[in-house]
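Below you'll find the structure, written out as structure tokens, and then a few comments.
The values are calculated or read from the model by the stated rules, or taken from the named source; none is laboratory data. Note that the structure is a prediction, hence the values are computed from the model and not measured. Counting neighbours? That spans all protein chains shown, and the Cβs are built from the backbone with ideal geometry, glycine included. Ligands, DNA and RNA are excluded from the accessible area calculation, which covers all protein heavy atoms including side chains. Shrake-Rupley method; radii C 1.70, N 1.55, O 1.52, S 1.80 Å.
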Amino acid sequence: MCGIIGYIGEEDAVPIIIEGLKKLEYRGYDSAGIAVYTENGFDVLKQKGRLSGLEEKLSGGFPQSHQGIGHTRWATHGEPSDINSHPHLGTDSKIAIVHNGIIENYKQLKEYLESKGVVFASQTDSEVIAQLAEYYYEGDIMDTVCKVSSRLEGSYALGIMCSDDPNTLIAVKKDNPLIIGISEHGNLIASDVPALLKHTNKVYYLDDNEIAVLKSDSINFFDFDMDEVDKTLETITWSMDSAEKGGYPHFMLKEIMEQPKVLRDTINSMMTDTENNRILEEIDIRKFDKIIITACGSAYNAGVVSKYVFEELCRFPLIEVELASEFRYKNSVINDKTLVILVSQSGETADTIAAMREAKSKGAVTLSIVNVIGSTIAKESDYTIFTAAGPEIAVATTKAFSAQLVLLYFLAVRFSKKLGRLDEALYEKLEQEIVSLPDKATEVLEHIDFIQKYASNSVAYKSVFFIGRNIDYAIALEGSLKLKEISYIHSEAYAGGELKHGTIALIDGENTLVVGIACCKRLFPKTLSNIEQVLSRGANVLFVSNIEQVTTDEKTSKITIPDIYDLFSPSLSVIALQLFSYYVAANRGCDIDKPRNLAKSVTVE
Ligand code: F6R
């Protein structure tokens with residue numbers, strides 16, 4: 001949550017910072033701000049609300065500068081307001097900072113500084129960093145940064161400028177991502193790669209407790225003891241286009257449509273001679289007696305789907321799926337015979353990071369499935385395999401979720417083979433079924449016109465229920481999450497068999513839509529009778545199914561998806577559900593790429 005960016009170099013910093021913030025806005029959009037250094041000191045502009053508000057303010061005039069920092073905020077401490085926006089300055093306007101993270105001991109630090117006469121302007125935890133820095137500052141900004149860092153508890157990625165040292169931009173990282181980009185015209189810091197792609201694909205990933213000192217033509221790295229640190233320059237393979245809308249009205253639609261390619265790329269990443277494949281080969285599943293899959297939100301839903309796949313294919317005695325936010329505080333029974341699988345697009349989700357650290361501290365082996373190279377989870381887990389989704393900008397995940405599913409299928413199939421549960425023929429067949437997914441995903445996307453039309457008639461529902469059994473129930477969870485988070489329509493997912501135990505009371509005639517997912521062939525008659533039960537209580541029904549028997553009438557509509565091995569069908573049904581949610585939200589005029597109250601990378605608890 002929150003995105004930070006900074007620039008020092010030959011060009012005007014202002015457009016570089018604003019363009020960068022546009023690429024980071026998915027991390028929070030409660031307010032935005034910029035500070036640049038000029039010969040008169042710092043010029044700061046901040047604006048509550050979307051970045052477009054700040055841009056409007058900037059058009060009224062703002063100085064050019066070769067050095068500046070910017071911020072886009074997801075509010076944690078202090079309401080969204082101009083004053084609580086970043087950058088924050090100390091009282092003497094000597095030091096300006098932008099911060100992503102949470103300072104857990106800010107109250108103590110604030111009280112201490114107030115007792116020394118410091119007057120705070122905002123309600124944020126972040127201001128304490130600027131004030132503390134000015135309090136300690138005695139002419140040496142590096143010394144100050146080290147002192148401040150030693151006092152801060154919590155998480156922080158910081159961009160810092162000091163008016164006495166105008167040719168220096170400082171970055172500090174602890175538990176929140178920070179990337180340093182090196183370009184031909186200057187150097188940059190940013191919370192995420194897309195903000196840098198226009199200028200460079202050469203980056204350093206800052207590690208925890210490291211400081212980067214950027215000049216326009218040099219970068220040096222230090223630890224908190226001021227010892228110099230050697231770092232490796234990495235090359236990003238994501239293209240600049242991948243972080244642009246490319247003619248689509250929203251990133252979400254672009255990302256939905258990209259899924260055949262993402263599936264293909266991710267499948268290719270599991271073929272022989274790839275790093276993912278090599279890593280998976282290294283893991284001897286026979287050493288483990290328990291698998292725990294842990295993640296948050298949609299990534300957790302991918303875990304729920306995969307539990308069905310693992311159970312069916314691996315016949316492994318103990319497979320659990322846990323919400324990372326629960327797992328981290330649960331004192332689970334785990335040891336060195338436990339394989340903990342972490343699933344995360346960003347690799348920076350605070351709860352998933354904590355779950356990983358908890359698992360490691362108890363001796364478990366950790367395997368992560370991550371999209372962002374260089375992220376904390378990717379770096380800290382024992383084994384990491386990467387989804388090939390490219391940058392995902394829309395807050396609601398689509399393509400990264402699909403890529404996670406595919407890697408989880410591969411894991412289940414490969415583990416199953418290692419466990420001796422699959423003969424060669426079945427193994428080959430299952431892998432071929434996975435390989436067929438991209439083409440079949442393209443077929444699902446061909447339903448776009450029908451789904452768009454159906455969704456345009458679905459905007460007024462008070463509630464939408466997603467039901468299914470087995471693997472269809474698992475993907476119903478994701479369908480429901482997608483709808484509620486971008487369209488704000490109340491929705492729930494239920495296992496079909498559970499309806500009659502209470503939920504069916506919520507079926508309120510034709511005010512209710514039930515989306516029935518029926519791709520698990522052996523359970524189709526059961527799901528069908530659950531659907532009959534809601535139809536007879538007046539609900540409207542949208543079927544997502546690969547089974548021909550479903551007949552449609554004025555209350556029942558159907559999206560037919562291609563047939564595939566049952567356990568892999570969620571990869572196809574989810575695309576129909578994503579499109580449905582997208583068009584319902586679009587017809588309701590929602591801000592699809594940036595749903596209210598959300599941010600993409602949830603780096604706070
Ligand atoms: C929902 C969504 C979130 C994320 C969750 C985990 O559309 O995107 O629920 O799945 O915040 O994020 P990552 O995968 O980055 O750990």
Scan the range 250-263 and tell me whether some residue there is away from the ligand (no atom under 16 Å from the Cβ), outside any helix (DSSP H, G or I) and in contact with a Ser or Thr (Cβ under 9 Å, 6 or more places away or on another chain). no
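Residues checked against (1) without any contact (Cβ under 8 Å) to a residue 12 or more places away in the chain; (2) small (Gly, Ala, Ser); (3) crowded, with 24+ Cβ neighbours inside 10 Å:
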residue: Glu138; (1), (2), (3): yes, no, no
residue: Glu153; (1), (2), (3): no, no, no
residue: Leu178; (1), (2), (3): no, no, yes
residue: Ser183; (1), (2), (3): no, yes, no
residue: Ala190; (1), (2), (3): no, yes, yes
residue: Leu196; (1), (2), (3): no, no, yes
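If a residue has to be under 23 Å from Pro570 (Cβ atoms) and not aromatic (Phe, Trp, Tyr) to count, how many in the range 496-538 make the cut?
24
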Step by step: first the residues of the range 332-364, then only those that are near the ligand (Cβ under 9 Å from one of its atoms) and hydroxyl-bearing (Ser, Thr, Tyr), then the one that is surrounded by the fewest Cβ atoms within 10 Å (Cβ to Cβ). Which residue is that? Ser346
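Quick one: how many residues across the range 74-101 are part of a strand (DSSP E or B) and either in contact with a helix residue (DSSP H, G or I) (Cβ under 9 Å, 6 or more places away or on another chain) or more than 21 Å from Ala157 (Cα to Cα) (or both)? Walk me through how you get there before you give the answer.
The initial filter retains those residues of the range 74-101 that are part of a strand (DSSP E or B), namely 88-89, 95-101.
Now drop any that are not either in contact with a helix residue (DSSP H, G or I) (Cβ under 9 Å, 6 or more places away or on another chain) or more than 21 Å from Ala157 (Cα to Cα) (or both), which leaves 88-89, 95-97, 99-100.
Going through the range 74-101 one residue at a time, the tally reaches 7.
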Pairs please, first residue from the range 587-603 and within 16 Å of Val459 (Cβ to Cβ) and hydrophobic (A, V, I, L, M, F, W, C), second anywhere and within 13 Å of the ligand (Cβ to nearest atom) and not in a loop (DSSP other than H, G, I, E, B), Cβ atoms under 8 Å, 6+ apart in sequence or on different chains. Cys590/Ile486; Cys590/Ser487; Ile592/Met252; Ile592/Ile486; Ile592/Tyr582; Ile592/Ala585
Checked against (1) under 34 Å from the mean Cα position of the chain (by Cα); (2) more than 15 Å from the ligand (Cβ to nearest atom); (3) over 28 Å from Asp439 (Cβ atoms), Ala518 satisfies every condition except (3)
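Please go through the range 17-37 and pick out each residue that is open to solvent by less than 20 Å² (accessible area, probe 1.4 Å) and either under 14 Å from Ile69 (Cβ atoms) or among the basic types (Lys, Arg) (or both).
So the first thing to find is which residues in the range 17-37 are open to solvent by less than 20 Å² (accessible area, probe 1.4 Å), and the list is 17-18, 20-21, 24-29, 31-36.
Ile17, Ile18, Gly20, Leu21, Leu24, Arg27, Ala32, Gly33, Ile34, Ala35, Val36, listed by residue number.
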Residues within the range 312-331 that are in contact (Cβ under 8 Å) with a residue 60 or more places away in the chain and within 16 Å of the ligand (Cβ to nearest atom), tallied: 1
Members of the range 388-413 found to be touching a strand residue (DSSP E or B) at 6+ places or on another chain (Cβ under 9 Å) and over 15 Å from Asp265 (Cβ atoms), listed by number: Leu408, Leu411
Please identify the pairs in which a residue from the range 482-500 that is open to solvent by less than 10 Å² (accessible area, probe 1.4 Å) has its Cβ atom under 6 Å from the Cβ atom of a residue that is away from the ligand (no atom under 13 Å from the Cβ) and in a helix (DSSP H, G or I), counting only partners at least 6 apart or on another chain. Ser487/Val584; Gly496/Thr527; Gly496/Asn530; Leu499/Asn530
Is it fair to say Thr503 is touching a Gly at 6+ places or on another chain (Cβ under 9 Å), of a type in the set (Ser, Thr, Tyr), open to solvent by less than 50 Å² (accessible area, probe 1.4 Å) and modelled with pLDDT under 95? no
Those residues that are hydrophobic (A, V, I, L, M, F, W, C) and in a strand (DSSP E or B), I need them from the range 450-487; list them, please. Val464, Phe465, Phe466, Ile467
Those residues of the range 391-438 which are under 26 Å from the mean Cα position of the chain (by Cα), open to solvent by 10 Å² or more (accessible area, probe 1.4 Å) and within 19 Å of Pro562 (Cα to Cα) amount to Val435
Select from the range 459-479 the residues that are surrounded by 24 or more Cβ atoms within 10 Å (Cβ to Cβ) and of a type in the set (Ser, Thr, Tyr) and list them in ascending order. Tyr473
Condition broken by Asn530, with the remaining ones in (1) under 30 Å from Val435 (Cβ atoms); (2) assigned to a helix (DSSP H, G or I); (3) away from the ligand (no atom under 16 Å from the Cβ) satisfied: (1)
I'm told Leu513 meets every condition in (1) touching a helix residue (DSSP H, G or I) at 6+ places or on another chain (Cβ under 8 Å); (2) closer than 20 Å to Asp449 by Cα except one. Can you identify the failing condition by its number? (1)
Filter the range 279-311 down to residues that are in a helix (DSSP H, G or I) and within 11 Å of the ligand (Cβ to nearest atom) and give me whichever is most open to solvent (accessible area, probe 1.4 Å). Tyr300
Those residues of the range 512-554 which are charged (D, E, K, R) and either touching a residue at least 24 places away in the same chain (Cβ under 8 Å) or within 15 Å of Phe580 (Cα to Cα) (or both) amount to Lys521, Arg522, Lys526, Arg537
